[in-house]
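The values are calculated or read from the model by the stated rules, or taken from the named source; none is laboratory data. Bear in mind that the values here come from a model prediction, so they are computed numbers and not experimental data. Quick reminder, even Gly has a Cβ in these numbers, built from the backbone with ideal geometry, and neighbours come from all protein chains shown. We work out accessible area using only protein heavy atoms, side chains counted, and drop any ligands, DNA or RNA first. Shrake-Rupley method; radii C 1.70, N 1.55, O 1.52, S 1.80 Å.
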Amino acid sequence: FGDGIYRSKNGGETWEHMGLKDSRHVGRIVIDPQNSNTIYVAALGSLWGPSEERGLYRSQDGGKTWARLLRPSKFTGVVDVAMHPGNSKILYAATFQRERRIWSMVGGGAESGLWRSTDGGERWERVGNGFPTTAVGRVGVTFCPSNPDVMYATAVGPEGGTFRSVDGGASWERRSATMQSHWYYGEIFCDPANTDRVYAPMTPLLRSEDGGKTFSNIVESQVHADHHTLWINPKDPN
């Protein structure tokens, strides 16, 4: 596990430690494009037991100080956070209840889910209206850059699958029940120019051309490649 957040001011030549030493596992770092001093960190905390350091953190002074904005309990951290491309006050965060034990693994629970803030993280409400509010596992969320009213999210569980919103997250439609990523994957990516094209990296690398209804493996020659993340060129999505 890691020991916190680091910052470079010279393009990565040197780094300085900026706190959150006990956050351990960080799922996402998001920087406000209008103000680089405002940073959000999704911290999962310890893998092996209850952890007081779990949650979503925000710094407004470039990482000098941090405030925790969201944490359901010491058993549940935050694994993902997404910022609206045109309004940095609108945030979506994914909570994840998880713990690995010698004899078992907790890969979800009632505290896992999707949350929304419209004021930069000061207040949060749980997302429902088509998105599961029952016990789920890993949740991933993303905005479509070409039309932020279109969003995608994934959730693992009996009511999980791939979900799409076309009204900025106010309501959700379950597009596919079968496309569920394992609990340590869970990221989903929308094509920068095509809101119906979606990618889901996991052991295969899955792509949908119909808004998440169906997926196909686009790297079938790989048997066990473990695709964990993906970058799409915003100027050339192909």
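If I filter the stretch 124-143 for residues that are part of a strand (DSSP E or B), in contact with a Phe, Trp or Tyr (Cβ under 8 Å, 6 or more places away or on another chain) and aliphatic (A, V, I, L, M), do I get at least one hit?
yes
Considering only residues that are surrounded by fewer than 19 Cβ atoms within 10 Å (Cβ to Cβ) and more than 14 Å from residue 139 (Cα to Cα), which ones fall in the stretch 159-173?
Those that are surrounded by fewer than 19 Cβ atoms within 10 Å (Cβ to Cβ) and more than 14 Å from residue 139 (Cα to Cα): 166, 167, 168, 170, 171, 173.
Within the stretch 17-37, track down each residue that is closer than 19 Å to residue 71 by Cα and either in a strand (DSSP E or B) or under 18 Å from the mean Cα position of the chain (by Cα) (or both).
Of everything in the stretch 17-37, those that are closer than 19 Å to residue 71 by Cα and either in a strand (DSSP E or B) or under 18 Å from the mean Cα position of the chain (by Cα) (or both) turn out to be 23, 24, 25, 26, 27, 28, 29, 30.
Output yes when any residue across the stretch 77-85 is open to solvent by 40 Å² or more (accessible area, probe 1.4 Å), under 26 Å from residue 49 (Cβ atoms) and among the β-branched types (Val, Ile, Thr), and no when none is.
No.
From the residues in the stretch 101-111 that are without any contact (Cβ under 8 Å) to a residue 40 or more places away in the chain and assigned to a loop (DSSP other than H, G, I, E, B), which one is least open to solvent (accessible area, probe 1.4 Å)?
104
Which members of the stretch 195-217 meet the condition of being closer than 21 Å to residue 234 by Cβ and polar (S, T, N, Q)?
Listed by number, the residues that qualify are 195, 208.
Does residue 59 count as at pLDDT below 95, of a type in the set (Gly, Ala, Ser), open to solvent by less than 40 Å² (accessible area, probe 1.4 Å) and farther than 20 Å from residue 160 by Cα?
In short, no.
Are any residues in the stretch 8-56 open to solvent by 80 Å² or more (accessible area, probe 1.4 Å) and within 16 Å of residue 111 (Cα to Cα), and if so, which ones?
Correct list: 52 only.
Tell me which residues, restricted to the stretch 149-170, are part of a loop (DSSP other than H, G, I, E, B) and in contact with a Ser or Thr (Cβ under 6 Å, 6 or more places away or on another chain).
Scanning the stretch 149-170 gives 150, 159.
Return the total of residues in the stretch 156-187 being modelled with pLDDT under 95 and aliphatic (A, V, I, L, M).
Residues meeting the conditions: 3.
Filter the stretch 222-237 down to the residues that are surrounded by 10 or more Cβ atoms within 10 Å (Cβ to Cβ) and either under 19 Å from residue 27 (Cα atoms) or modelled with pLDDT of 90 or more (or both) and list them by number.
If the condition is that a residue be surrounded by 10 or more Cβ atoms within 10 Å (Cβ to Cβ) and either under 19 Å from residue 27 (Cα atoms) or modelled with pLDDT of 90 or more (or both), then 226, 227, 228, 230, 232, 234, 237 are the ones that fit.
For residue 64, are the conditions met, namely being of a type outside the set (Asp, Glu), touching a residue at least 12 places away in the same chain (Cβ under 8 Å), outside any strand (DSSP E or B) and under 24 Å from residue 7 (Cα atoms)?
yes
Kindly establish whether residue 27 is at pLDDT below 95 and under 24 Å from residue 234 (Cα atoms).
Criteria met by residue 27.
Which one is farthest from residue 166 (Cα to Cα), of the residues in the stretch 193-221 that are part of a loop (DSSP other than H, G, I, E, B), of a type in the set (S, T, N, Q) and open to solvent by less than 70 Å² (accessible area, probe 1.4 Å)?
Step by step, filter the stretch 193-221, then rank; the result is 203.
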